[in-house]
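The structure under discussion appears below in the form of structure tokens.
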Amino acid sequence: MDRKRRSHGSNEEQVPSGPPRKKTRAGGKHVAALVLARGGSKGIPLKNIKMLAGVPLIGWVLRAAVDSNMFDSVWVSTDHDEIEKVAISWGAKVHRRSPEVSRDSSSSLETITEFIRLNPEIDVICNIQATSPCLHPHHIKEALHMMTHEGFDSVFSVVRRHLFRWKEVKKAAGEITWPLNLEPAKRPRRQDWDGELCENGSFYFSTKELIEKTGCLQGGKVAYYEMLPEYSVDIDVDIDWPVAEQRVLRYGYFGNVTPEVVKLMFCNVSGCLTDGRISLSVSGEELVSINTRDTMGIRMLQREYVEVILLTSVRDPLTKPLTDKLGQWTGCRVEVVGQEPLNDLKKIMDQKHIKWKDVAYMGNDEADVTCLNLAGLSAVPGDAPMIAIKAAKYTCHNAGGLGAVREFAEHILLQKEKAKSQMNVSFHRDSEELGQKMCLFSVS
């Protein structure tokens, strides 16, 4: 995909300093990602770790940064213990910022300056905004390439907007307004106007030298990196959380595992398909309650050729008559697993010649942590303990037995559809390139 870029300024002479260092991802320069996440958000309390589409808000950009494999270190700068815990669980290091740069009046630049002073080994810094959850690894890779291979001192993200702007006036002053970027008599159609480039705040790349010399993130030989509008989601602006959530579900980055290959789902019965309670009838018969929304979710997966295997544990065994009825009602195979489910599931996967990247897993407790980490897609109900939530790639809004399985099923199918769409785009692009090459061959 072509992206228009424009630069300003000129190359400054590069003066080598110090002895040669260990080679890094950027050919000798230490490149660090830094996400600023203060705990004192005024609008939404602890907004940076509030769940958005099953993931802590900050987790979306940390996942993209880590999976880009372009950074020598990924950091979160915070003053809050809970944000620190979430940052570490998503693979980041933590910079505990000082009180001096943790005030409401503190600027991002002040925090970044403190950070680079305390980490002098860093040469290039990428300030990633925590509130931009539709950032993808390819955005980072392409922008960093501009820094490391095209000689830019700073690169920042923009989005193209088609908005006509007018001068703001004070009514009491009796002023009249006038257009800032159009001629009303020659008002262009949208398709005839390129629009304007606006910062979307997703990221700002800058060299340490530029920041130290100018006290600015944008300067020297500067360029912009254009992102498509669908990836330009800013929670600072779009405070309607459900709307932002729907955008992220469609355009967010869910990890480097290809979701369309999911062929098998393991789902715990207790705490996921049910609320974890077992009732006894007067005659002593075991009874469990299953939500019809969840069984419909299972059938949706089965229609898309995803096999669903239900898991019961030796920790909370169900009687054979109950597991038989459960299997008949859902059309699923029911397996009893031990204290460590991984050992039993590995045997099943070996028999089916399936790898973990092809598996979706739904669990709800500490025993599930290893499988939640290994699975290509994984989820826990909204009422799962924190140890399981941290291991899962998706946290449901719904609690166990109250629609969590259906929610995860819809998430799996959405990712499969998204992946199919991406594959079709790639296929058509490759076909066009092949056609162009064949034309060139024929002419020559």
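Got a sec? Which of A37, A64, A53 is open to solvent by less than 10 Å² (accessible area, probe 1.4 Å), modelled with pLDDT of 95 or more and in the same structural domain as I122 (by the TED database)?
Checking each option against the conditions leaves just A64.
Of all residues being among the charged types (D, E, K, R) and more than 30 Å from P133 (Cα to Cα) in segment 151-173, which is surrounded by the most Cβ atoms within 10 Å (Cβ to Cβ)? Just the residue, please.
K167
Conditions (1) hydroxyl-bearing (S, T, Y); (2) assigned to a helix (DSSP H, G or I); (3) outside the structural domain of E110 (by the TED database), marked per residue:
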position: L182; (1), (2), (3): no, no, no
position: P188; (1), (2), (3): no, no, no
position: Q191; (1), (2), (3): no, yes, no
position: L197; (1), (2), (3): no, no, no
position: G201; (1), (2), (3): no, no, no
position: Y204; (1), (2), (3): yes, no, no
position: E209; (1), (2), (3): no, yes, no
position: Q218; (1), (2), (3): no, no, no
position: A223; (1), (2), (3): no, no, no
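Applying the selection to segment 239-261, what residues are part of a loop (DSSP other than H, G, I, E, B), touching a Lys or Arg at 6+ places or on another chain (Cβ under 8 Å) and at pLDDT below 85?
Matches in segment 239-261: F254, G255, V257, T258.
On the basis of being closer than 30 Å to E196 by Cα and at pLDDT 90 or above, does A92 make the cut?
no
Within segment 340-371, can you find the residues that are part of a loop (DSSP other than H, G, I, E, B), in contact with a strand residue (DSSP E or B) (Cβ under 6 Å, 6 or more places away or on another chain) and open to solvent by 10 Å² or more (accessible area, probe 1.4 Å)?
I354, N364, listed by residue number.
Is it the case that D81 is at pLDDT 95 or above and surrounded by fewer than 22 Cβ atoms within 10 Å (Cβ to Cβ)?
Answer is no for this residue.
Looking at segment 372-385, is at least one residue open to solvent by less than 10 Å² (accessible area, probe 1.4 Å) and in a helix (DSSP H, G or I)?
The answer is yes; a qualifying residue exists.
Looking at S289, S283, can you tell me which residue is assigned to a loop (DSSP other than H, G, I, E, B), in the same structural domain as G382 (by the TED database) and at pLDDT below 75?
S283
The values are calculated or read from the model by the stated rules, or taken from the named source; none is laboratory data. Here the structure is a predicted model, which means the values were calculated and not measured. Here the Cβ is made from the backbone with ideal geometry for all residues, glycine too, and neighbour counts use every protein chain on show. Areas reflect the complete protein model, heavy atoms only, side chains present, ligands, DNA and RNA absent. Shrake-Rupley method; radii C 1.70, N 1.55, O 1.52, S 1.80 Å.
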